[in-house]
Amino acid sequence: MTIYFVDGLFMEKEEVTISIDDRGYYFGDGVYEVMKVYDGELFTSVEHLSRLFQSAAKIKMTIPYTETQLVDIAKELVKVNSIKTGHVYIQVTRGAAPRQHHFCEPATTPIVTAYAIQNPRPESKLQQGVGIKSVEDVRWLRCDIKSLNLLGNVLAKEEAHENGCFEALLHRGETVTEGSSSNMFGVKDGTVYSHPADTLILNGITRQVVLDLCKDNGIPVKEIAFTLEEAFEMDEFFLTSTTSEVMPVTTIDNRPVGTGVPGPITLTLQQAFISKIPLSVAGDK
Ligand SMILES: Cc1ncc(COP(=O)(O)O)c(C=O)c1O
């Protein structure tokens, strides 16, 4: 039995009904967050919920709860669903109204839905690394908003998946931006490179944790854009996300990165990240 949170109520998944007129359904008109749960505890929930409110403000939507109330809802979902290692998904849509593009007057009440799910850490991939595939970034120009409009991301991930790759390496023309659901990092001559946190990427919470870890570990960082050609020439490459943590990338378009195995700076950051998470024993419990 899985308990969901829907529009103010906790209920079994089978009981959930959503209006056909929900603007999330018609337009992807809403925002969302994914927060990791380690050992039954939310990880970086303050940062995720603050980004949720920022995303909502950027699409002129008011969330009908406070950050504290949303944390309490997330904690309750973790508890009632007995989640140890997994994640909480929260989305807020603008609400239900007969289909028309502009907002409704008076404004519709946004609908909050959420669930918690068991999801083990991808341990073997974290050890061995993954392959990624370059895909043209055809998304809109407000990728800083964690919006439900994910078709560009979905199609890129599908292309990577069809080619046996874990993730898409998105590039606008020559410029590498991010992954379809992750941030991308290259390492060259001991310096970590990452696209700046502007409107062309989502400023990942894991990305921000990792940039702090670089500082803590004396690893130089340059938040500047690099090209696809430069990506192939990096000594090391890795991606970050809530569910992928610090994931080594060993091939790009089937070409080995550096020596073709997870590199030393990547592994240092991966270890530093693991030491931050409240995990007494690695792996799903
Ligand atoms: C497009 C995109 N970039 C980056 C990320 C990584 O963000 P976070 O580390 O907050 O999970 C995500 C996560 O879903 C994403 O969808």
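Per-structure values
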read-out: Only listed residue being in contact (Cβ under 8 Å) with a residue 12 or more places away in the chain and within 16 Å of the ligand (Cβ to nearest atom), chosen from V6, V34, V71, V78; value: V34
read-out: Residue pairs meeting the criteria (Cβ under 6 Å; at least 6 apart or on separate chains; first touching a residue at least 24 places away in the same chain (Cβ under 8 Å) and hydrophobic (A, V, I, L, M, F, W, C), in segment 146-167; second within 12 Å of the ligand (Cβ to nearest atom) and part of a loop (DSSP other than H, G, I, E, B)); value: A156/S180
read-out: Of residues in segment 188-225 being within 20 Å of P262 (Cα to Cα) and assigned to a loop (DSSP other than H, G, I, E, B), the one farthest from the chain's Cα centre (by Cα); value: D189
read-out: Given (1) without any contact (Cβ under 8 Å) to a residue 60 or more places away in the chain; (2) exposed (fewer than 13 other Cβ atoms within 10 Å of the Cβ); (3) away from the ligand (no atom under 16 Å from the Cβ), index of the condition H101 fails; value: (1)
read-out: Selection count, segment 155-170, where residues are within 14 Å of the ligand (Cβ to nearest atom) and open to solvent by 80 Å² or more (accessible area, probe 1.4 Å); value: 1
read-out: Any hit, segment 66-85, residues being open to solvent by 50 Å² or more (accessible area, probe 1.4 Å) and closer than 30 Å to V249 by Cβ; value: yes
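The values are calculated or read from the model by the stated rules, or taken from the named source; none is laboratory data. Just so we're clear, the structure is a prediction, and the values are computed from it rather than from any experiment. Every residue, glycine as well, gets a Cβ built from its backbone with ideal geometry; the counts of neighbours run over all protein chains shown. Quick note on the areas: whole protein, heavy atoms, side chains included, nothing else; ligands and nucleic acids left out. Shrake-Rupley method; radii C 1.70, N 1.55, O 1.52, S 1.80 Å.
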